Amino acid sequence: MKNYINRLRANCPTWRFVIWWIIRASLIFAFVKGFFPAEGEAFDITDPLQVGANFLCTFVWEVFMLFPEKSLARYIPSSVQTFLMIGIWCGSFGGKFLNLYYDFRWWDVILHFVGGGACVFFGYEIVCAILRSRKANAPMTLVMLGAVGFSFLGATCWELFEFGFDQIAGMMGGYPGDAQHWSLELALGTPKELTLFDPIVDARWPLMDTMADIVLNSVGALLAYIFIKIFPYRHKGRFKFEFETAEQIITAK
């Protein structure tokens, strides 16, 4: 355990741990508060369950540090988790707990747009971690293909999570959750009623919400791809990847 703690401290600055635990503390608060609705509010078990599921995702990097030294997971920088946790907080605490998905018209739009771009950077770091762990080189085109592919994989997995969560919540509680924003009835009278694209008929409203998410993820990914192509980092030259030694990685952090 002592070696593991030292490994965490060596690969992640203290200020990042502070930010992480502030975010985690707010999610714990939202999780507990979900079981005690205010007077006049209906209790919905899916609210704390969704926050709790997202909370578990905030420990991804710490889990990676349990892997063997030669594993590619050990080369993924802690900064990836920082951005991941900010996204989780905006979606789970801001969107779900504070109800900004329905109270602020552009909240979901911004999250999917930024999230699509962020996942390109995550994918880029993962490919770079693979190359560093194997001390290998790869053409920039291949690196970017992996980065963009990861973004689309992440967007798809998120939609699958929302769909699966609502299905499981429905089987457990008799009424599905609203992670996928499938209910026009819940959106009526709120800013969320206006989708990015005109649904034409009410029956297409949930479809428009999901398709808008996919379009926004794609646009964000495209812009991130262009940015990295113009301003590449960790990758020197057109066909050569410059991997870092473990000492350089630690020093950079």
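Bear in mind that the values in this text are calculations on the coordinates, not laboratory data. Just so it is clear, the structure is predicted and the values come from calculations on it, not from any experiment. Please note: Cβ atoms are built from the backbone with ideal geometry, for glycine as well, and neighbour counts cover all protein chains shown.
Would you kindly state how much longer the chain becomes between LEU207 and TYR233 on full extension, computed as 0.36 nm times their sequence separation minus their alpha carbon distance, in nm to one decimal?
Between LEU207 and TYR233, full extension yields an extra 5.6 nm.
Within the chain, how many Lys pairs sit with Cα atoms under 26 Å apart, leaving out pairs fewer than 8 places apart on the same chain?
17
Please check which bits of the range 211-233 a label hung off CYS57 would reach, taking the label as a point 7 Å along Cα-to-C-beta and the cut-off as backbone N under 14 Å.
Within reach of a label on CYS57, which here means backbone N under 14 Å from a point 7 Å along Cα→Cβ, the range 211-233 contributes nothing.
Taking 7 Å along the Cα-to-C-beta vector as the label spot, tell me the LYS2-TYR175 distance in nanometres, rounded to one decimal.
Taking the two extended label points, one gets 5.5 nm.
Output ³J(HN,Hα) for the range 37-43: one whole-Hz value per residue in order, computed from phi by the Karplus curve 6.51 cos²θ - 1.76 cosθ + 1.60 with θ = phi - 60°, and x for Gly and Pro.
Whole-Hz 3J(HN,Hα) from phi for the range 37-43: x, 5, 4, x, 8, 7, 7.
Going by average Cβ density within 10 Å per residue, which order do the peptides 12-24, 203-215 take, highest to lowest?
The peptides rank, most packed first, as 203-215, 12-24.
For the residue pair SER71 and GLU41, what label-to-label distance in nm results when each label sits 7 Å from Cα along the Cα-to-beta-carbon direction?
3.8 nm
Any idea what angle helix 2-11 forms with the longest principal axis of the chain, computed on alpha-carbon atoms, 0 to 90 degrees, nearest 10?
Relative to the chain, helix 2-11 is tipped by roughly 90 degrees.
Helix 140-173 against the longest principal axis of the chain: what's the angle in degrees, Cα atoms only, rounded to the nearest 10?
30 degrees
Please work out whether the range 2-252 counts as rounded, prolate or oblate from its C-alpha gyration tensor, where a ≥ b ≥ c are the square roots of the eigenvalues and a/c under 1.5 means rounded, while otherwise a/b larger than b/c means prolate and anything else oblate?
Because a/c hits 1.5 or more and a/b fails to exceed b/c, the range 2-252 counts as oblate.
Compare the Cα positions of ILE28, TRP205, ILE45 along the charge dipole of the chain (+1 at Cβ of Lys, Arg; -1 at Cβ of Asp, Glu; about the Cα centre) and return the one farthest towards the positive end.
It is ILE28, whose Cα lies furthest towards the positive end.
Provide the gained length on full extension for the span LEU160 to PHE83, in nm with one decimal, where the gain is 0.36 nm per separating residue minus the Cα-Cα distance. Present the calculation step by step, with values, prior to reporting the outcome.
Values: separation 77, 0.36 × 77 = 27.72 nm, distance 2.12 nm.
Additional length available on full extension: 25.6 nm.
Given a Förster radius of 30 Å and the C-beta distance between LEU194 and VAL219 as r, what FRET efficiency does 1/(1 + (r/R0)^6) yield to the nearest 0.05?
Rounded to the nearest 0.05, the efficiency is 0.95.
Per the helix-only calculation at 222 nm, which mean residue ellipticity applies to the chain, given -39500 (n - 2.57) for every DSSP H run of n ≥ 4 and division by its residues, nearest 500 deg cm²/dmol?
The helix contribution divided over the chain gives -20500 deg cm²/dmol.
Under 37 °C and 0.692 mPa s, how fast does the range 90-210 diffuse according to Stokes-Einstein, given a Kirkwood radius computed over C-alpha pairs? Answer in µm²/s, whole number.
Numbers: Rh = 16.4 Å.
Estimated diffusion coefficient is 201 µm²/s.
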